[in-house]
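In what follows, a single structure is set out as structure tokens and then discussed.
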Amino acid sequence: MSGLQHPADSSCFLGHAENGRYLFRLKLVLRLYRKLRKRREQVVYCTSSDAAIVAILARKKVVLEIGDIQTAKMPQAVARILENYLLKRIALLVVTSPLFICDYFAQFRHYKPEKAIVVENKLPLALDKVVNRFRCKQNLSALNNTDGKLRLGLIGMIRFKEQLQEIAELLRARQDLELHIHGDGVTDIFDNVPRCTNHGEFRNPRDLESIYSGIDINVILYDSSNAAVVPALPNKLYESIAFVKPIICSSDCGLQRVVEQYNIGVAAKPGDLGAAIDQVASQYELLSNNIIQLPKSSYLDDDTLLLSRMRGLELLPAFS
């Protein structure tokens, strides 16, 4: 959580609070309140609901960014009270997926479209040259498996044990698959799993070109019963489009809608991952060409949108 003069200026970092560490979160919340009361800035950019409530109590104008539905595990009545309280009082709601609006926030009485903006987790414009170079030097629509093995990628935060276990079991059963893990999380599931390489944490976006050069298919599996993540569109979607890698995602989640809308991958139901991999392999040229045809705006960020909206709401000076 951070108190921010505005996104183009310096921020005041108070600490990272993991989910479940409620006493530590309380200490950070109190520290945030004391800091906000002392600071002259009137606009605070928050990335959690508790920070937003504190900023509201400190009589600040609040921009609240939502990356997942943090109230999904609360009783519905409590969630509605909290969300309506925030929506009525914040100056601007920032969400990373349009599905957060149509599937969730639009149902609330105090949701106002003019006070909301979608800023997806796309790649920074600075990577445009990197992506162009990557796309020019490879035959992107061809499956590069001269050794007969499909290279699966598992990138970013590694979580959702049931889905990971299915990947591990498939690697034990099939000799034609490799798994390349780039990230951190529940990676011990893959200890002693054959043809699995754990490359560890990486620097984003610096290492993306290298990472995506080493895989054929990006596997992005979620727990579709987890309401907090179902509407999410992860940065791995936009990375896969930029570096032209077909996607295998979980069925019954927001990502499935995008993947199927543009025909850039396959959605797999629990237990059907092997069949999904075979389907992607058989359609690899078609899926890759569909990705190539997408415009740059599908994966590159327009970093002026948020600042323009904040200026329009007089949360920032007209020029900064």
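Tell me, which residue of segment 197-206 that is more than 17 Å from the chain's Cα centre (by Cα) and touching a residue at least 12 places away in the same chain (Cβ under 8 Å) is farthest from residue 122 (Cα to Cα)?
197
Return a yes/no flag: does segment 181-196 have any residue that is touching a residue at least 24 places away in the same chain (Cβ under 8 Å), hydrophobic (A, V, I, L, M, F, W, C) and closer than 24 Å to residue 288 by Cα.
So far as segment 181-196 goes, yes, one or more of its residues are touching a residue at least 24 places away in the same chain (Cβ under 8 Å), hydrophobic (A, V, I, L, M, F, W, C) and closer than 24 Å to residue 288 by Cα.
What pairs come out if I take residues in segment 31-51 that are outside the structural domain of residue 87 (by TED's automatic domain parsing) and pair them with residues that are of a type in the set (Asp, Glu) and part of a helix (DSSP H, G or I) whose C-beta lies under 6 Å away, six or more apart or interchain?
none
Looking at 54, 63, which is the one that is touching a residue at least 60 places away in the same chain (Cβ under 8 Å) and in contact with a Leu (Cβ under 9 Å, 6 or more places away or on another chain)?
63
Kindly indicate the residue of segment 209-232 that is touching a helix residue (DSSP H, G or I) at 6+ places or on another chain (Cβ under 6 Å) and at pLDDT 95 or above and also farthest from residue 155 (Cα to Cα) among those meeting that condition.
209
Restricting attention to helices (runs of 4 or more DSSP H) lying wholly within segment 214-311, give those where 3 or more residues are in contact (Cβ under 8 Å) with a residue 40 or more places away in the chain.
235-242, 273-282, 284-293
Quick one: would you say residue 244 is under 21 Å from residue 183 (Cβ atoms), assigned by TED's automatic domain parsing to the domain that holds residue 136 and in contact with a helix residue (DSSP H, G or I) (Cβ under 9 Å, 6 or more places away or on another chain)?
Spelling it out, residue 244 is indeed under 21 Å from residue 183 (Cβ atoms), assigned by TED's automatic domain parsing to the domain that holds residue 136 and in contact with a helix residue (DSSP H, G or I) (Cβ under 9 Å, 6 or more places away or on another chain).
Given the criterion more than 22 Å from residue 248 (Cα to Cα) and at pLDDT 95 or above, identify the matching residue among 89, 109, 151.
Answer to the selection: 89.
The values are calculated or read from the model by the stated rules, or taken from the named source; none is laboratory data. Every value quoted in this text rests on a predicted model; they were computed, and no experiment measured them. As a convention, Cβ positions derive from the backbone with ideal geometry for all residues, glycine included, and neighbour counts pool all protein chains shown.
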